[in-house]
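Quick notes on the structure that follows.
The values are calculated or read from the model by the stated rules, or taken from the named source; none is laboratory data. Here the structure is a predicted model, which is why all the values come from computation and not from measurement. Cβ atoms come from the backbone with ideal geometry, glycine included; neighbour counts cover every protein chain shown.
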Amino acid sequence: MVKTLENAAHTLDLKAGQRFSEIGDTAHCLIGVNRGVLALHTDDQERHDVIGHVVWPGDWFGVASVLIDTPRFIGSSAHVDARVVLINRRSIERIAQEHPTLWRGVAVLAAQNAMLATRIARDNLLRSPTERCVATLDRLVGRQCLPCDLPITQGQFAEICGLSRGAAAKVLAGLERKGQISRGYASITVEKSFSASPRES
């Protein structure tokens, strides 16, 4: 089945900053990150387009457009040079006729993305700026080994957290003094785990 999926997929190379998908798009396909980092955008009805999360190689999104006939409710762009893998719904349906267990894999992706959405909502409900920033950094790093370089500016990080730039910068400065992060040009590097179970490689 893996070989069949590979044959059905096609790849697309993206330049840093290039928009890939828009809110309201009707393309029905699974999107996987093969290389680089993509930012996921949403509409907060005030600033119109804000970054909510980032996805790494091995991450997949777009599952809702495969399972139900709905326009995309998130957009995406390449944060650095990236490559994405696309598998359209017709190909998935055709392959699933021969390999019905494929739908279980799609359902797992849907469950994982629902859990991620719940985590994002929970993070944004944290009232303490420090707790919110730490939870957001931990979520953005995901399964990546530490140290992990997040290719986002401090302003973008504040946007993801739903905090003012000043509030986010104050928390980041404190974390940097503790050696948990370091700040560079358009990047934040998470140096140490925020949990009791470190992920250092």
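A few comments on the model shown:
Residue-wise test of (1) small (Gly, Ala, Ser); (2) in the same structural domain as Thr42 (by TED's automatic domain parsing); (3) closer than 15 Å to Val54 by Cα.
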position	(1), (2), (3)
Glu93	no, yes, no
Val108	no, yes, no
Pro151	no, no, yes
Ala186	yes, no, yes
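Each row is one residue, and each column tells you yes or no for (1) touching a His at 6+ places or on another chain (Cβ under 6 Å); (2) surrounded by fewer than 12 Cβ atoms within 10 Å (Cβ to Cβ); (3) among the small types (Gly, Ala, Ser); (4) in a helix (DSSP H, G or I).
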site: Ala111; (1), (2), (3), (4): no, yes, yes, yes
site: Ala114; (1), (2), (3), (4): no, no, yes, yes
site: Ala121; (1), (2), (3), (4): no, yes, yes, yes
site: Val134; (1), (2), (3), (4): no, no, no, yes
site: Leu140; (1), (2), (3), (4): no, no, no, yes
site: Ile160; (1), (2), (3), (4): no, no, no, yes
site: Gly166; (1), (2), (3), (4): no, yes, yes, yes
site: Lys170; (1), (2), (3), (4): no, no, no, yes
site: Glu176; (1), (2), (3), (4): no, no, no, yes
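- Asp69 satisfies every condition listed in (1) exposed (fewer than 14 other Cβ atoms within 10 Å of the Cβ); (2) touching a Cys at 6+ places or on another chain (Cβ under 7 Å) except (2).
- Against the conditions (1) modelled with pLDDT of 95 or more; (2) assigned to a loop (DSSP other than H, G, I, E, B), Phe194 satisfies every one except (1).
- Sole residue being at pLDDT 95 or above and under 19 Å from Trp56 (Cα atoms), chosen from Ala186, Ala135: Ala135
- Meets criteria (closer than 30 Å to Ser193 by Cα, in contact with a helix residue (DSSP H, G or I) (Cβ under 8 Å, 6 or more places away or on another chain) and either assigned by TED's automatic domain parsing to the domain that holds Arg19 or free of Cβ contacts under 8 Å to residues at least 24 places away in the same chain (or both)) for Leu102: no
- Residue selection: Gln144 fails the criterion of being outside the structural domain of Val63 (by TED's automatic domain parsing), surrounded by 13 or more Cβ atoms within 10 Å (Cβ to Cβ) and outside any loop (DSSP other than H, G, I, E, B).
- Among the residues listed as Asp49, Asp43, Asp59, Asp81, the single one being surrounded by 16 or more Cβ atoms within 10 Å (Cβ to Cβ), touching a strand residue (DSSP E or B) at 6+ places or on another chain (Cβ under 8 Å), assigned by TED's automatic domain parsing to the domain that holds Gly17 and among the acidic types (Asp, Glu): Asp59
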